[in-house]
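A short write-up of the structure that comes next.
Nothing in this text is a laboratory measurement; each read-out follows from the coordinates by a stated rule. This structure is a prediction, so every number in the text was calculated from the model and none was measured. Here the Cβ positions follow ideal geometry from the backbone for every residue, glycine too, while neighbour counts run over all protein chains shown.
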Amino acid sequence: MALLNILRFPDARLRQIATAVETFDDSLKQFVNDMLETMYEGCGVGLAATQVNVGKRVLVLDVSDETNQPQVFINPEIITQTGKTEHTEGCLSVPGVYEKVTRSAVIQVRAFNAEGQPFELEATDLLGVCIQHEIDHLNGKLFIDHLSTLKRQRILKKLQQQQRQTF
């Protein structure tokens, strides 16, 4: 397995809209494994392919306390969503930033696993929030896009200052 480079906001490639996966083969399985390794190494609970500069509709996540229950969603789509919930979210592409975001409380998602088998899943709580967050990535959207313009500007300024300090 190999660690992948995670793009960081405001990198324009994070705005790329991912295209559907059409071929389920060994290279896809290897990519999924690399994404999981990268997510775990970054101490994240989810990662979308667009965050590692791959424009395919692939996301991985693991919301278990022991980080030992990886889940893979290929070509995911939300088919129903109800209610509202608010969670504090962070993102590997927006490091060190945590903000409250309102999302659907219950979602029904349809996707494929890495072997190409379809499945449906009802998700609530952290799992539901994480799926919605990662699907946003596949659609070229970041969690900070759910915030006010003022908050986004402050976050951008903070990240730019951090970047200057590391050089």
| query | With Glu134, Glu122 as the choices, which residue is closer than 18 Å to Gln71 by Cβ, loosely packed, with under 15 Cβ neighbours inside 10 Å and not hydroxyl-bearing (Ser, Thr, Tyr)? | reply | Glu122
| request: Within the range 1-24, track down each residue that is charged (D, E, K, R) and either in contact with a Leu (Cβ under 8 Å, 6 or more places away or on another chain) or within 16 Å of Ala111 (Cα to Cα) (or both). | output: Arg8, Arg13, Glu22
| query | Just for the range 18-41: of the residues that are of a type in the set (A, V, I, L, M, F, W, C) and part of a helix (DSSP H, G or I), which one is farthest from the chain's Cα centre (by Cα)? | reply | Leu28
| query | How about the range 2-40: which of its residues are without any contact (Cβ under 8 Å) to a residue 60 or more places away in the chain, in contact with a helix residue (DSSP H, G or I) (Cβ under 6 Å, 6 or more places away or on another chain) and either surrounded by 12 or more Cβ atoms within 10 Å (Cβ to Cβ) or under 19 Å from Asn75 (Cα atoms) (or both)? | reply | Leu3, Leu4
| Which residues, counting only those in the range 42-51, are surrounded by fewer than 20 Cβ atoms within 10 Å (Cβ to Cβ) and either of a type in the set (Gly, Ala, Ser) or within 9 Å of the chain's Cα centre (by Cα) (or both)? | Gly42
| request: Pull up the range 52-105, narrow it to residues that are on the phi > 0 side of the Ramachandran plot and either of a type in the set (Val, Ile, Thr) or touching a residue at least 40 places away in the same chain (Cβ under 8 Å) (or both), then point me to the one that is surrounded by the fewest Cβ atoms within 10 Å (Cβ to Cβ). | output: Gly96
| remark: Per the filter on the range 110-130, residues touching a Phe, Trp or Tyr at 6+ places or on another chain (Cβ under 7 Å) and either free of Cβ contacts under 8 Å to residues at least 40 places away in the same chain or part of a helix (DSSP H, G or I) (or both) are Ala111, Pro118
| query | Between residues in the range 135-152 that are at positive phi and residues that are of a type in the set (A, V, I, L, M, F, W, C), which pairs lie under 7 Å by C-beta distance while being six or more apart or on different chains? | reply | Gly140/Ile17
